[in-house]
1. Considering amide H positions built from the backbone, and no H for Pro or chain starts, which residues 5 or more places from residue 367, or on another chain, come under 5 Å of its amide H?
2. I want to verify the translational diffusion coefficient of region 129-232 in µm²/s; compute it with Stokes-Einstein, Rh as the Kirkwood radius over Cα pairs, at 37 °C and 0.692 mPa s.
3. Quick one: the Cα spread of region 47-117 along its three principal axes, in angstroms, biggest first?
4. For region 3-58, calculate the relative contact order in percent as a whole number, restricting contacts to Cα pairs under 8 Å that are 6 or more residues apart.
5. Any chance you could list P(r) for region 1-121, counting all Cα-Cα pairs in 5 angstrom bins from zero, rounded to whole %?
6. No solvent, one uniform scatterer per C-alpha: report log10 I(q)/I(0) for region 86-131 via the Debye equation at q = 0.19, 0.25, 0.33 1/Å, two decimals.
7. Determine, for 207, 170, the number of other Cβ atoms within 10 Å of each Cβ, and report the residues in order from fewest to most.
8. If we restrict to alpha carbons, what Rg and Dmax does the chain come to, in Å?
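Read the figures in this text as sums done on the coordinates, not as results from a lab. In this text, all values refer to a predicted model and were calculated from it rather than measured experimentally. Note that we place each Cβ from the backbone using ideal geometry, even for glycine, and neighbour counts take in every protein chain shown.
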Amino acid sequence: MPNVKILCLEVGGSANRITDIPAMDNLVVNSPFNRNYINAPQPGIGAVWKYRVIPEHRGKGIGGTSQINSMVYNRGNRLDYDHWAREYGAVGSDYASVLPYFKRWENNTDKDIVAANQGFHGTQGLVQVSIWTEPDPIIKIYHETIQGMGHRVTDINGPVQVGTAIVQAFITGTGRRFSVSNAYIDPNKHTNNLVVLADVLVVRVLFTGRTATGFEYIRKGVRHVVSARREVIVSAGAINTPQLLMQSGVGPARHLLELSIPVKQYLQNHVQTDIYGFIKDDRLSKCSRQLDASALTTDNQYQYFTNPGKDWPNISVEPRLRLAPTEASQMAQTYERVAEWADYYRNYTGRHYLQMMLMLQRVRSRGSLYLSSADLYDYPVYSSQLLTERRDFDNFVDVVSWALYLADCWRLAQYIEPVQPVPGCHQCPKANTCTSVTII
């Protein structure tokens with residue numbers, strides 16, 4: 001559309017060589033490319049973190065969170081899309097309606113996956129997707145263990161989404177992160193109809209009546225106003241979009257209630273925790289060195305999803321291989337009980353380990369987001385209210401118990417050490433299975 005002029009306002013800057021390296025994901029989440037939001041302290045949750053402040057990583061740069069995330073290409077379960085369309089009247093959000101858009105922007109370079117799942121993948125889009133063909137030996141063992149438990153090999157973005165699979169990732173065939181910026185901005189930097197302004201703070205959306213007509217923003221300390229002739233698009237993420245709308249005066253509760261329009265706080269967030277199994281033989285991992293003097297962990301990005309259950313599973317397990325820092329204090333520096341955690345990690349420094357990231361896909365607990373003040377630079381009050389619904393709690397206990405059982409399976413237990421109780425978990429026995437449950 002050469003006749004359409006586009007202005008893109010972005011709070012952060014451009015990607016660089018560091019953000020483009022997949023194995024540097026742990027580094028970029030501790031960089032200016034991360035907004036570093038925090039979840040409001042919640043009783044009974046997050047005692048491992050200082051002051052019970054659980055971090056929430058959100059991207060701050062051109063391309064948003066695609067600059068700092070784990071690059072996993074996971075569309076989500078098709079039944080979720082159908083549920084949104086049916087339950088909330090989101091016409092056009094059912095999976096059959098959105099699938100053509102996924103295919104349109106996807107450039108999947110794995111011919112086997114495309115051939116085996118015809119009609120579910122695109123090969124002509126701008127966003128590159130690839131897959132690793134030579135996983136580490138321990139990942140192969142993990143994969144075989146899952147299959148031995150009765151789970152089939154599948155494509156989580158294909159017609160059958162339940163099972164175990166080497167997931168696809170937003171990475172080029174040469175091993176470079178492929179963010180939204182890489183896909184859409186980089187090839188169009190020198191076009192006449194696109195202007196990208198970086199390091200901008202958008203103050204508010206401007207309205208004429210009920211129609212959004214532009215933005216007010218601050219750049220280099222100077223306020224500016226810009227108007228749009230065609231349309232205004234607010235795409236600031238799950239936290240910043242409602243913050244910006246509230247700063248713009250959208251959604252006065254009293255007025256909406258007078259019109260019998262209910263006002264709700266309906267924030268939902270995935271719940272995640274990790275289980276670590278240290279590998280007995282380092283030859284089973286290809287992680288061979290640490291990245292720099294700060295002893296950041298490396299990540300080979302061979303990631304799998306395991307979705308036990310029916311066609312609409314509620315849990316995912318994503319294993320990764322990592323290399324622990326050489327100093328125990330570096331592994332424990334963000335925790336509440338620094339000394340206890342440093343002592344816990346002392347036997348594992350410099351070693352390879354299998355990290356299993358356990359996550360609930362559909363949560364029932366509801367949180368909220370409010371403005372903390374009228375100051376435009378203050379972060380909003382963000383409260384997920386994790387595990388406040390009993391069913392979420394029970395489901396989370398189930399997935400943790402399943403992962404501990406997996407680590408104790410005869411196939412996998414030969415290669416990783418038993419998972420040890422962590423500091424603060426005094427009710428757990430000295431074994432890799434738990435007989436009691438406590439959330440700290």
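1. HN-HN under 5 Å from residue 367: 267, 268.
2. Values: Rh = 18.7 Å.
In µm²/s, the coefficient rounds to 176.
3. Ordered largest first, region 47-117 gives principal extents of 48, 35, 25 Å.
4. Details: 39 pairs, mean separation 15.3, N = 56.
The value is 27 percent.
5. 2, 9, 12, 11, 13, 18, 19, 10, 4, 1, 0, 0
6. Taken in order of the listed q values, log10 I(q)/I(0) reads -0.61, -0.83, -1.16.
7. Details: 207 14, 170 23.
If I rank by nearby Cβ atoms, fewest first, I get 207, 170.
8. 23.0, 68
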